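Below: the structure, in structure tokens.
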Amino acid sequence: MSDTIGTPVLEALDLVKEYTGGDGATLRILDGASLTILRGEMVAIIGESGAGKSTLLHILGALDKPSSGEIRIAGQAVHTGSEASLAEVRNRSIGFVFQFHHLLREFTALENVMMPLLIAGNAPSAVRGRARELLDSVGLSSRADHLPSALSGGEQQRVAVARALAPNPALLLADEPSGNLDRGNAERLHELFATLASVHGVGVVVVTHNRALASRASRVLLLDGGRVVESSAMAEEVG
């Protein structure tokens with residue numbers, strides 16, 4: 001993917017998201033949010049609690065639909081086709097990492113990383129090697145055959161990162177990925193995220209309240225008043 005570094009992997013234009021409250025009033029969470037993410041860069045999105053950061057991330061990842069606006073991932077328009085085509089975009093082009101790792105407890109670390117590729121119809125023999133390479137890239141080659149219960153919280157989250165990268169996505173989205181970790185494990189995960197974009201040639205978007213993680217990003221975007229603006233203010237933790 002090195003020849004595509006620096007090209008747009010995600011383009012979002014004038015995203016609006018509205019909900020109808022219990023009193024029948026319209027609540028506008030996003031109000032014309034626009035952003036572009038390039039391959040090979042890590043972008044942090046910060047903002048006050050309740051600003052709509054997770055809502056924005058879910059829309060960018062095709063887990064939710066905007067009320068209006070346009071999204072293109074790897075050049076392909078999102079939200080314009082059927083639910084089946086939307087699912088195909090999610091499965092092929094987007095990797096997700098959440099605050100809680102959601103590993104399958106009865107499967108080993110290696111099997112968890114293999115799972116997205118197996119679900120896509122690949123034979124185990126064809127994907128085992130890639131899963132081992134990904135575990136090695138997150139520093140867990142020696143833990144491949146361990147069940148999640150035998151891994152620390154930080155190790156489990158790194159397995160989740162490797163799993164998200166298994167389908168070779170163009171875009172990796174992370175929602176408070178270190179929010180459930182102690183300081184030491186959080187710092188190790190932050191270091192990993194800082195290298196993911198350049199090593200794997202993906203666009204990485206991280207929603208976070210953690211200033212240490214945001215400070216490692218190529219750019220920091222602030223979600224405020226339903227819009228996205230560039231921010232260089234990392235003097236204190238947001239939230």
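Considering only Ala162, Ala123, Ala214, the mean-square fluctuation computed in a Gaussian network model of the chain, springs between alpha carbons under 10 angstrom, is largest for Ala123. Using R0 = 45 Å, the C-beta based FRET efficiency linking Ser49 and Ala126 works out to 0.55.
Helix 124-137 sits at what angle to the longest principal axis of the chain, using alpha carbons and giving 0 to 90 degrees rounded to 10? The two axes meet at around 70 degrees. Among Leu63, Leu110, Leu30, the largest mean-square fluctuation in a Gaussian network model of the chain (Cα springs under 10 Å) belongs to Leu63.
If you plug the beta carbon distance of Val16 and Arg105 into 1/(1 + (r/R0)^6) with R0 = 41 Å, you get a FRET efficiency near 0.55. Against the main long axis of the alpha-carbon atoms of the chain, helix 83-93 sits at an angle near 60°. On full extension, the segment bounded by His146 and Ser68 gains 23.6 nm, given 0.36 nm per residue less the C-alpha separation.
Site pair Val229 and Ile5 shows an inter-label distance of 3.2 nm when each label is modelled 7 Å from Cα along Cα→Cβ. Between helix 183-200 and the chain there is an angle of about 90 degrees, using the helix long axis and the longest principal axis of the Cα atoms.
Since every read-out is calculated from the coordinates, none of them should be taken as a lab result. Note that the structure is a prediction, hence the values are computed from the model and not measured. Positions of Cβ are generated from backbone atoms using ideal geometry, with glycine treated the same way; all protein chains shown enter the neighbour counts.
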